[in-house]
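A.B. asks: Okay, here's the structure, questions in a sec.
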Amino acid sequence: MSLTSKNNGAEENRQVPQHIAIIMDGNGRWAQKRGMPRIAGHNSGMKALKEIVRACSDMGVKYLTVYAFSTENWKRSFEEVSGIFKIMVLYIHKELKELTEENVRINVIGDLSRIPSDAQKAMNHALKTTEENTGLTFNIALNYGGRSEIVEAAKKLYNEKTGSGGSLDDITEEEFGKYMSTGGVPDPDIIIRTGGEMRLSNFLLWQCAYSEFIFTDIFWPDFSPEELAKCIDEFYGRHRRYGGV
Ligand code: IPE
Ligand code: IPE
Ligand code: MG
């Protein structure tokens, strides 16, 4: 897939994107291609993630949101699911010190209550350890689904409004957005999906309204800071109109 700029020479705004979101897809196929078990792909995927987090932090990106496990990924074998969470725990243990030194703040979106308890513990520890950090916010979407997020936001808003005698008629998009798990975070400027599929798979459905989509055939374990730089270049060439002219 071509990642070259399509700006036709127009003057571009080269500000570093504030918020990059990534659907890290293709771990299984990466492994299959090498005759390895799928879990080996998830393991290599974590190594790729480590490099991308550092690259975003070094570039001065404010928010990086990665899709690590969807509400639909429970459909996979027990072996694969438990392997994915084991790799996550390992990642946190190995990388937390460096992430802290890099001033990265870890945040989780999605329903943590249903994931294995050691993964929950590792994540909560990571959240606590990095909560004061002021650099890159590294958002991990874990047991996350965009539709469920919207439904939960609606329920919460409804309960608060009716509980306080407020009116549902006054709800604005802005107010509704604050009830999403990304409340307060600007919407992603770019959503990158690796692995060749061109779909969202239930990721950031509310937040993606005006995101620039970039799809690449590269499998996630092969995605490098150089590939990220190409995606950002492609983004610089896009003309965001937000409905204007
Ligand atoms: C993405 O890679 C990681 C998760 C969904 C956890 P996949 O495991 O979906 O890899 P493919 O799409 O099967 O190659
Ligand atoms: C999306 O990838 C979820 C993550 C990357 C965590 P999937 O591999 O689950 O998506 P589908 O099944 O191809 O739509
Ligand atoms: Mg996949």
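The values are calculated or read from the model by the stated rules, or taken from the named source; none is laboratory data. Quick caveat, the model's predicted, so the values are computed rather than measured. As a convention, Cβ positions derive from the backbone with ideal geometry for all residues, glycine included, and neighbour counts pool all protein chains shown.
A.B. asks: If you check residue 39 against the conditions, is it more than 15 Å from residue 139 (Cα to Cα), among the hydrophobic types (A, V, I, L, M, F, W, C) and within 12 Å of ligand 2 (Cβ to nearest atom)? Please lay out each step first, then the result.
C.D. replies: Working: more than 15 Å from residue 139 (Cα to Cα): yes; among the hydrophobic types (A, V, I, L, M, F, W, C): yes; within 12 Å of ligand 2 (Cβ to nearest atom): no.
It is false that residue 39 is more than 15 Å from residue 139 (Cα to Cα), among the hydrophobic types (A, V, I, L, M, F, W, C) and within 12 Å of ligand 2 (Cβ to nearest atom).
A.B. asks: Is there a residue in region 31-45 that is touching a Lys or Arg at 6+ places or on another chain (Cβ under 9 Å), farther than 20 Å from residue 186 by Cα, modelled with pLDDT of 95 or more and away from ligand 1 (no atom under 12 Å from the Cβ)?
C.D. replies: no
A.B. asks: Anything in region 121-141 that is without any contact (Cβ under 8 Å) to a residue 40 or more places away in the chain, part of a loop (DSSP other than H, G, I, E, B) and either in contact with a Phe, Trp or Tyr (Cβ under 9 Å, 6 or more places away or on another chain) or not charged (D, E, K, R) (or both)? List them, or say none.
C.D. replies: The initial filter retains those residues of region 121-141 that are without any contact (Cβ under 8 Å) to a residue 40 or more places away in the chain, namely 121-134.
Remaining after also requiring part of a loop (DSSP other than H, G, I, E, B): 131-134.
Those that are without any contact (Cβ under 8 Å) to a residue 40 or more places away in the chain, part of a loop (DSSP other than H, G, I, E, B) and either in contact with a Phe, Trp or Tyr (Cβ under 9 Å, 6 or more places away or on another chain) or not charged (D, E, K, R) (or both): 133, 134.
A.B. asks: Please find, within region 224-245, the residue that is modelled with the lowest pLDDT out of those that are assigned to a loop (DSSP other than H, G, I, E, B) and under 19 Å from residue 59 (Cα atoms). Explain how you work it out, then say what you get.
C.D. replies: Initially, region 224-245 is screened for residues assigned to a loop (DSSP other than H, G, I, E, B), giving 224, 237-245.
If we keep only those that are under 19 Å from residue 59 (Cα atoms) as well, we get 224, 237.
On the way: 224: 98, 237: 95.
Here the answer is 237.
A.B. asks: Which residues, counting only those in region 63-81, are surrounded by 13 or more Cβ atoms within 10 Å (Cβ to Cβ), assigned to a helix (DSSP H, G or I) and more than 14 Å from ligand 2 (Cβ to nearest atom)?
C.D. replies: Result: no residue meets the conditions.
A.B. asks: For region 187-214, give me each residue that is within 16 Å of ligand 3 (Cβ to nearest atom) and free of Cβ contacts under 8 Å to residues at least 24 places away in the same chain.
C.D. replies: 198, 199 - these are the residues of region 187-214 that are within 16 Å of ligand 3 (Cβ to nearest atom) and free of Cβ contacts under 8 Å to residues at least 24 places away in the same chain.
A.B. asks: Moving on. Quickly run through region 26-36 and pick out the residues that are in contact with a helix residue (DSSP H, G or I) (Cβ under 6 Å, 6 or more places away or on another chain) and either in a loop (DSSP other than H, G, I, E, B) or under 20 Å from residue 214 (Cα atoms) (or both).
C.D. replies: Within region 26-36, 26, 27, 30 meet the criteria.
A.B. asks: Under 8 Å between Cβ atoms, at least 6 apart or on separate chains: pull out the pairs that start in region 97-120 with a residue that is at positive phi and end on any residue that is surrounded by fewer than 16 Cβ atoms within 10 Å (Cβ to Cβ).
C.D. replies: 103/134
A.B. asks: Any residue at all in region 147-170 that is within 16 Å of ligand 2 (Cβ to nearest atom), in contact (Cβ under 8 Å) with a residue 60 or more places away in the chain and in a loop (DSSP other than H, G, I, E, B)?
C.D. replies: Of region 147-170, the ones within 16 Å of ligand 2 (Cβ to nearest atom) are 147-149.
Now drop any that are not in contact (Cβ under 8 Å) with a residue 60 or more places away in the chain, which leaves 148.
Pick out the ones that are also in a loop (DSSP other than H, G, I, E, B) and you get none.
No, region 147-170 contains no residue that is within 16 Å of ligand 2 (Cβ to nearest atom), in contact (Cβ under 8 Å) with a residue 60 or more places away in the chain and in a loop (DSSP other than H, G, I, E, B).
A.B. asks: On to the next question. Which numbered condition trips up residue 108, out of (1) within 17 Å of the chain's Cα centre (by Cα); (2) within 13 Å of ligand 3 (Cβ to nearest atom)?
C.D. replies: (2)
A.B. asks: For region 187-223, which residues satisfy the criterion of being away from ligand 1 (no atom under 11 Å from the Cβ) and not in a loop (DSSP other than H, G, I, E, B)?
C.D. replies: 190, 191, 192, 212, 213, 214, 215, 222
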